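Report on one structure; see the data block that follows.
The values are calculated or read from the model by the stated rules, or taken from the named source; none is laboratory data. If you're wondering where the values come from, they're calculated on a predicted model, not measured in any experiment. Quick reminder, even Gly has a Cβ in these numbers, built from the backbone with ideal geometry, and neighbours come from all protein chains shown. These area figures cover heavy atoms from the full protein model, side chains too; ligands, DNA and RNA do not enter into them. Shrake-Rupley method; radii C 1.70, N 1.55, O 1.52, S 1.80 Å.
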Amino acid sequence: KEVPVLVAANPLFNEMGHVIGVVELIFPAAGDLGLFREIDKVAEAARQGRIEVRVEQELFHGRHLKRAEALNDMLTAMTERATEASANTKAVAQVMTSVADTDTVDEAVQQALKTVRTAFNWEYGSYWLLDPQDKAMRCTVESGSLPAELRQIFLGLRVKEGEGMLGKAWK
């Protein structure tokens, strides 16, 4: 019966730097080969655009299971970021399309806020402008709904750079 193995060979040197022997370690490689096959399967699926495919963890145990879990965790993190980036890109394109047919700046801002809220499932969005007279930001356009108390606060709020929590958020 053939058994796949991994061989690690490390030479032994004397004081003069001459090889005087070799230490060889031989490990069964069935798990490694299985993991390599699973990695190839996942890579091929990704090339075909199927980024949801993962290593079948139930095929492994011990150190191979830990490697399979780590690989799947890495793939999930990468695909989540790619999915988020794709959603963001799609949202930007939707905003650009939605404002293309507007006639005024206020219409464009209102449409952009509505499109962003829809794309990201937000309840509320607001647009703030800098008042050139007192150099304060104020809410000028709203989209969505807020409780009346919060809405009144936002509409009357004037925020100067560096003042309060909101003022520290802009430059």
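What number goes with the only condition from (1) open to solvent by 50 Å² or more (accessible area, probe 1.4 Å); (2) under 30 Å from Arg117 (Cα atoms) that Glu15 does not pass?
(2)
Go over the candidates Leu71, Leu6 one by one and state the one that is in a strand (DSSP E or B) and surrounded by 11 or more Cβ atoms within 10 Å (Cβ to Cβ).
It is Leu6.
I'm checking my understanding of the structure. Among residues of segment 9-41 that are of a type in the set (Phe, Trp, Tyr) and in a strand (DSSP E or B), which one is farthest from the chain's Cα centre (by Cα)?
Here the answer is Phe13.
Would you confirm, using the coordinates I've provided, whether Gly34 is closer than 30 Å to Ala82 by Cα, of a type outside the set (Ser, Thr, Tyr), modelled with pLDDT under 90 and loosely packed, with under 13 Cβ neighbours inside 10 Å?
no
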